[in-house]
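Worksheet for the structure shown next.
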Amino acid sequence: MKKRNFLLIACCVAVGILAEWLLVDHTFGLNVVLFATLYYCLFYWQMKGKRLMNRKIGFLLMFSILFLALNYFLYWNIVLYLLNLIILPGLIIVHCVLITRKKRVDWNSFGFIGYMFTFTCQWIAFAISRLLVPKKIFASRMQVQSYRTLKMIVLGIFISLPLVFFTGLLLMSADSHFAQLVELLPLQMLDFSIGDELARLAFILIVSLLLYSFVRILRRNHTSYSTQKRDNEVKWEGIIVITVLISLNGLYALFTFVQFQYFFSDTLISGLTYADYARRGFFELIVVTLINWTIVVAVIKTMDMKSKKMNAIINALLSLLVGMSGIMLYSAGMRLTLYEEAYGFTMARILAHAFMVWIGVILTFTFIKIWYKSLSLSRFYIISTLVFYSALNIVDLNRLIVQKNLDRYQETEKLDLFYLQQISAAGTLGLIELYEENPDMPGLKEALIQEKVEAEKNKESWQSSNLVRKQEREALKDLEIR
């Protein structure tokens, strides 16, 4: 075995041991940042001297990974907590693959998805092949009969373990003295805690194997996927496209006329309550906007432009469709705002606002793309999505929700105490702030007493350190409930 590979195995096992110490039996917090740092130290050490490619998208991915990891340490948002369990490892894998390829990768094409799938299959196959290495080593260095005998002994041990375990339990139940003798064994072989130790050992071995195989396969030179364009791409006739766009724009023009009555008159008050208006049609408008965006992108990608005149007509109709979509998006945002004024702010409603902002940015760039064909839609969509999601992770959304609800309480004296209590540590901090201003609010004192008791019970390890939860514990400790 090469010295470099031997050192890599040793380092991967060390990182696996540290991963077990940092992550197992601990809530994610500071430990995520530390483990990501450990991994990248190992990664860049192994890639020392190797020319890294795709640096621009690599830097963007690196910052996104940093923001996602820091979210576990800075804030406590259960939605992003769960999403990042999948997205964060995925971004790390994509980042490492992109910057270690020998050639520049067309990462904004559908071919890259297939390439990543192929790479993942190769990674798993390589990891499985490493499991067979000890067998090959023993088989090559031992005589056939000796190797066969050793294999039978190992097989016999695996067969006997469950038999000895269950038989021992029966004997312990039958004789108390035998049970006491077994309990005094130095290794306590029949203690159920041994299962926990085996699980920890398995975790270390799996992490070490995955890290080793991943870094090894990254060091290889892979053939890039094919970027040849297909000759049989579907092309739409201009007359068909114009007919469809005129029909859609006519329908949306009528809808827009009705919406402007709501924007600039009192028609809403005489017909519907604000809550009814806000509840009706929000998701439908979002879906229609997404359908329109899909139609615009499909026409841009598949339109067969035969003449400048037809090209200008289609571009004008597409621009009008994007404008109508913007009006529908604004209408959906207005409905959501009215609903929040009536029922308060929640994580789902704040995320819906953020999603609409992202759609607005996407529509704006798509409008520009209609008239400037040289721009890349897929590249902008991927970059804007990364920036958007990274921004969600670096902003304390829970604190924003709490502040919005407290401001609403100052105006309407309406507040959902139960929701603030459940949202996170930021919700508890908001309740403490409210208690200092209005200690006589019904239910507030009882909620804070409950939070104070829970904080005293739950002790947090340093691996799970989280700044917001730390602020919550300190605030509850200093709080004097009258």
The extension gain from ILE368 to LYS102, computed as 0.36 nm times the residue separation minus the Cα-Cα distance, is 92.4 nm
Distance in nm between label sites at THR118 and LEU400, each 7 Å beyond Cα in the beta-carbon direction?
4.1 nm
Rounded to whole Hz, the Karplus (6.51, -1.76, 1.60) HN-Hα couplings of segment 361-378, x for glycine and proline:
5, 4, 5, 4, 5, 4, 4, 5, 4, 4, 9, 10, 5, 6, 6, 9, 5, 4
From a point 7 Å beyond the Cα of ALA253 in the direction of its Cβ, which residues of segment 284-302 have a backbone N at a distance under 20 Å?
289, 292-293, 296
Determine, from the Cβ-Cβ distance of LEU131 and LYS309 and an R0 of 60 Å, the FRET efficiency 1/(1 + (r/R0)^6), rounded to the nearest 0.05.
0.35
Working from the alpha-carbon coordinates of segment 398-478, get Rg over Rh, Rh being the Kirkwood radius.
0.97
Expected unfolding gain across VAL287-VAL387 under the 0.36 nm per residue rule, minus the alpha-carbon gap, is 33.7 nm
Quick one: in segment 3-133, what % of C-alpha pairs are over 20 Å apart?
55 percent
How long is the gain from LYS457 to TYR330 if the chain were fully straight, where each residue apart is worth 0.36 nm and the alpha carbon distance is subtracted?
41.0 nm
Mean 1/r over distinct Cα pairs of segment 66-107, inverted to a Kirkwood Rh in Å, yields 11.7 Å
Phi to ³J(HN,Hα) by Karplus 6.51 cos²θ - 1.76 cosθ + 1.60 over segment 24-39, Hz, x for Gly, Pro:
5, 6, 10, 5, 5, x, 4, 4, 5, 4, 5, 5, 4, 5, 4, 4
Average projection area in nm² (convex hull over Cα atoms of segment 360-441, one quarter of hull surface)
7.5 nm²
Given a Förster distance of 45 Å, report the FRET efficiency between GLU437 and TYR44 from their Cβ-Cβ distance, rounded to the nearest 0.05.
0.35
Per the Cα gyration tensor, segment 31-99 corresponds to an equivalent ellipsoid with semi-axes, largest first in Å, of 23, 13, 9
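All of the numbers you see were taken from the coordinates with simple rules; none came from a lab. As the structure is a prediction and not an experimental result, all values here were calculated from the model. Here the Cβ is made from the backbone with ideal geometry for all residues, glycine too, and neighbour counts use every protein chain on show.
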